[in-house]
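In what follows, a structure is listed as structure tokens, so that the remarks can point back to it.
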Amino acid sequence: MEGLPLHTLFHFPPVLQSPSSKRWRDAMTMDFYGQFAPLTVKSLPRRGLLKAIGFNTVLSCVSPVFAAPMPEVKEPQVFVYRTLKLDSGVRIQDIIEGEGQKAQEGDLVEVNYVCRRSNGYFVHSTVDQFSGESSPVILPLDENQIIKGLKEVLIGMKVGGKRRALIPPSVGYINENLKPVPEEFGPRRSLFSHANEPLIFEVQLLKVL
């Protein structure tokens, strides 16, 4: 159906008919300081009004398919990792539980890890950030050989598991002989320059040897 011309419905006062006129500009500035010139609306039957705005009466008979209520949309499940705080101040999150052998104190383990500062800045990793190639390290679960905080993180982990931990400096690199330490000079210097601040380790247990 063809809608009626708009000018048959509304009558605009002369002041609003010519945008180029000074009276138009003056009227538009009255938004904050006064009222616009009145807008006169001619009376029109309801059916005629629907035609004027292009309403198709066929569409008023809505199909039951479209009229049916929308199914409830469930929000995606969010996984929240519980944080375990140890007496030493280490905070641990289990990301992947793992299904293999459980690591115990005194074991020799093979791991991959990423070390970051507490603000998220990268320090060192056994996994190359660009190629994805890994160079796992073998660590003894002995606090005289590795940093105590990392030993506490690894004990109880199962092979295939992954944990994220915040390790305070008191159980971190209290001396430069404790592992893990990068072999390259640059990363090693970067690591020890942040030894007096909390460090974040994300570690994956690959094997219990």
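The values are calculated or read from the model by the stated rules, or taken from the named source; none is laboratory data. For clarity, every value in this text was computed on a predicted model and none was experimentally measured. Note that we place each Cβ from the backbone using ideal geometry, even for glycine, and neighbour counts take in every protein chain shown. All accessible areas refer to the heavy atoms of the entire protein, side chains included, with ligands and DNA or RNA removed. Shrake-Rupley method; radii C 1.70, N 1.55, O 1.52, S 1.80 Å.
Just a few scattered comments:
- Overall dimensions of segment 71-209, expressed as equivalent-ellipsoid semi-axes from the Cα gyration tensor (√(5λ), whole Å, largest first), are 25, 18, 16.
- Solvent-accessible area per residue, Å², over segment 73-176 with all protein chains present [probe radius 1.4 Å]: 63
- Among the lysines of segment 87-201, pairs at least eight places apart or on separate chains and with Cα atoms under 13 Å apart come to 4.
- Stretch gain in nm, segment Gln93-Glu183, where the contour uses 0.36 nm per residue and the Cα spacing is subtracted: 29.6 nm
- Computed from point charges on the beta carbon alone (+1 for Lys and Arg, -1 for Asp and Glu), the dipole magnitude for segment 99-145 about its Cα centre is near 300 Debye.
- Portion, in percent, of the accessible area of segment 68-209 that falls on carbon or sulfur, probe 1.4 Å: 48
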